[in-house]
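Q: Encoded as structure tokens, here's the structure I'll be asking about.
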Amino acid sequence: MAPSASSGAPSFFSAQTLLASFEFERVLSEDPRAIVAYLLGTAVPESSNDRVPCILKVEKTPFAPGEASSLAATAVWSNAQTVTANDIYSTSLAWFAPGRANADVQLSSICPATEKHIKKYSVQETRLVRETPELYERVVKPYIASLAPSTISWVYNILDGTAEAENVLHRDDDVETGFVLTPDLKWDQKTMSALYLLVLCQDRSIRSLRDLRPRHLPLLRKIREETERVAIERYGIQKGELRFFVHYQPTYYHFHVHVVHLSYVSFSGITVGQAHLLDDLIDLLSLELEATQSGGPAPLQSVLERRTFTYALGTEHALYGLLRAAGEE
């Protein structure tokens, strides 16, 4: 039976309440290239009297559309200090003047944060693992089955229309080929070069790309075609400007597709090994279907069941420990 959506209220309804409650403990990690930091602390959710772990993500926002051309003007900056000046080169630091139209940072929170969340966003080493079909059946599949449905209750809230309904760009409630399309929370919904959309399929039996079969081709093709159509109509982009991909291992085990603008390349989610193009998955399953229809014997397992996947995992990830232990046996 498919898990039902959580009825829990949001932890915080406003950033002001969150920040007033947040008590800093330590920096989990920071990336100076992406200009993002994850802070660990505690906070008291609005629906509770208990102080619980809270992760606060602070991320520099991109320039607003059309803003770049105005940046080379004194009035834009409240202060500018020269750091170096050498021959034809110079470097300075500058502070935006008050009243900038676009927000300078984006705040995101996870509260209450579990130990799994804390490990995920902490600095940790990564290792490449090779997941054979045998390891998937023996280790990964039982690991996925052991995860509590509550870990993806937020997904079911979106699918059921009880959360983020105002952000939905497209909804198709067909249980086999339907999906919900929303802007990803990492996108400011203004900067087209950083466009980031998320597709959540209605079929709750598909946990990861390992579960995809030729019978899912109508779903995958509909996602590909309808999402591009909606993006073109809504945002005025051109055909061929979007990158569709699926993560393996995914962050959460409900099948979803990431859709980003081709210019958005400065994040780790498109790393080789983790990101698999949706078009490639459609092609693999189409070739499998053609082979079966041409009179060849039907394989006992799908091509995605038979594949060995190589990907990186953090050494603190629970799955990494299980795979390592299995490899040492």
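The values are calculated or read from the model by the stated rules, or taken from the named source; none is laboratory data. A quick note: this is a predicted structure, and the numbers were derived from the prediction, not measured. No Cβ is skipped: glycine too gets one built from the backbone with ideal geometry, and neighbour counts run over all protein chains shown.
Q: Identify the single condition in (1) within 29 Å of residue 61 (Cα to Cα); (2) within 16 Å of the chain's Cα centre (by Cα); (3) small (Gly, Ala, Ser) that residue 122 does not satisfy, given that it satisfies every other one.
A: Result: residue 122 passes all but (2).
Q: Only residues that are among the hydrophobic types (A, V, I, L, M, F, W, C) and farther than 24 Å from residue 9 by Cα: list them for region 139-181, please.
A: Within region 139-181, 139, 140, 144, 145, 175 meet the criteria.
Q: Further question on the same structure: What number goes with the only condition from (1) out of contact with any strand residue (DSSP E or B) (no Cβ under 7 Å at 6 or more places or on another chain); (2) not in a helix (DSSP H, G or I) that residue 244 does not pass?
A: With (1) out of contact with any strand residue (DSSP E or B) (no Cβ under 7 Å at 6 or more places or on another chain); (2) not in a helix (DSSP H, G or I) applied to residue 244, the lone miss is (1).
Q: Quick check on region 49-67: of everything there that is within 14 Å of residue 23 (Cα to Cα) and in a loop (DSSP other than H, G, I, E, B), which residue is nearest to the chain's Cα centre (by Cα)?
A: Filtering first and then ranking leaves 51.
Q: May I pose another question? Here's a check for you: in region 68-92, which residue that is aliphatic (A, V, I, L, M), surrounded by 10 or more Cβ atoms within 10 Å (Cβ to Cβ) and within 29 Å of residue 190 (Cα to Cα) is farthest from the chain's Cα centre (by Cα)?
A: Ranking the qualifying residues of region 68-92, first place goes to 80.
Q: Please tell me if residue 82 is of a type in the set (Ser, Thr, Tyr) and within 24 Å of residue 34 (Cβ to Cβ).
A: On the way: of a type in the set (Ser, Thr, Tyr): yes; within 24 Å of residue 34 (Cβ to Cβ): no.
Taking the combined requirement at face value, the residue does not satisfy it.
Q: Quick one: in region 273-297, of everything that is of a type in the set (Gly, Ala, Ser), in contact (Cβ under 8 Å) with a residue 24 or more places away in the chain and at negative phi, which residue is surrounded by the most Cβ atoms within 10 Å (Cβ to Cβ)? Break it down into steps so the answer makes sense when it comes.
A: Going residue by residue through region 273-297, those that are of a type in the set (Gly, Ala, Ser) are 273, 275, 286, 291, 294-296.
Okay, now just the ones that are also in contact (Cβ under 8 Å) with a residue 24 or more places away in the chain, so 273, 275, 286.
From what is left, the residues that are at negative phi are 275, 286.
Working: 275: 19, 286: 14.
Ranking the candidates gives 275 first.
Q: For region 91-149, enumerate the residues that are outside any strand (DSSP E or B), charged (D, E, K, R) and at pLDDT 90 or above.
A: 134, 137, 138, 141
Q: Follow-up. Considering each residue of region 154-180, count those that are of a type in the set (Ser, Thr, Tyr), under 27 Å from residue 114 (Cβ atoms) and modelled with pLDDT of 90 or more, and give that number.
A: Selection size over region 154-180: 1.
Q: Of the residues 253, 264, only one is modelled with pLDDT under 95, assigned to a loop (DSSP other than H, G, I, E, B) and in the same structural domain as residue 184 (by TED's automatic domain parsing); which?
A: 264
Q: Report, by residue number, each residue of region 42-65 that is crowded, with 17+ Cβ neighbours inside 10 Å and modelled with pLDDT under 85.
A: If the condition is that a residue be crowded, with 17+ Cβ neighbours inside 10 Å and modelled with pLDDT under 85, then 62 is the only one that fits.
Q: Sticking with this one: Please identify the pairs in which a residue from region 39-56 that is more than 16 Å from residue 115 (Cβ to Cβ) and free of Cβ contacts under 8 Å to residues at least 40 places away in the same chain has its Cβ atom under 7 Å from the Cβ atom of a residue that is of a type in the set (Ser, Thr, Tyr) and buried (at least 18 other Cβ atoms within 10 Å of the Cβ), counting only partners at least 6 apart or on another chain.
A: 44/21; 46/11
Q: Is one or more of the residues making up region 187-205 of a type in the set (Gly, Ala, Ser), assigned by TED's automatic domain parsing to the domain that holds residue 256 and closer than 19 Å to residue 249 by Cβ?
A: yes
Q: Among the listed residues 150, 208, which satisfies the condition of being loosely packed, with under 14 Cβ neighbours inside 10 Å and farther than 30 Å from residue 60 by Cβ?
A: 150
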